[in-house]
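Let me begin by presenting the structure, written as structure tokens, before commenting on it.
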């Protein structure tokens, strides 16, 4: 065999070896690159999922905050006329009204009746917003059920007598519960 015959075989073998080495190396390189790319895609997908969950949790917290705010507003809308009746209207006595041909007494009656109506309307809103069976709803129900009796007494006598039984007692007790919720004592 001559050198001229051997050289193409050696060159062919070297080229084949280099190509085989390059193919094995390139295959390993591309496999590792593919793993890294897949990992990067997985990280991006997981990041999108985590951000999505964070967004949903924030939306849930915002929604719960709005519900709490709405419930507090409804509670104060209910408690305000109750407390006005207890503090300003019920303590009034017939002899304390000025002699103005009943004008002051009539205005007092109208204000009491308006407060009773506000109590009943606010109760319906509170009943919708609060969980069923909540102690606040039970107290508010007692007040709301007392409102028609209070309105009737106001229409009949001008100023209802404050009693420790009947509607006066229910109203006092229930309003105390509402006050404790409003002030955060409950």
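The values are calculated or read from the model by the stated rules, or taken from the named source; none is laboratory data. Keep in mind the model is a prediction, meaning the values are calculated, not measured. When we count neighbours, we look across all protein chains shown, and the Cβ atoms used for this are built from the backbone with ideal geometry, even at glycine.
Quick notes
- Taken together, 128, 137 contain a single residue that is in contact with a helix residue (DSSP H, G or I) (Cβ under 7 Å, 6 or more places away or on another chain), modelled with pLDDT of 65 or more and within 15 Å of residue 77 (Cα to Cα), which is 137.
- Candidate set: segment 39-93, residues that are under 18 Å from the mean Cα position of the chain (by Cα) and buried (at least 16 other Cβ atoms within 10 Å of the Cβ); chosen: the one farthest from residue 127 (Cα to Cα): 77
- Qualifying residue in segment 37-53 (condition: within 30 Å of residue 139 (Cα to Cα) and part of a helix (DSSP H, G or I)): no
- Test for residue 150: is it part of a helix (DSSP H, G or I), within 38 Å of the chain's Cα centre (by Cα) and modelled with pLDDT of 75 or more: no
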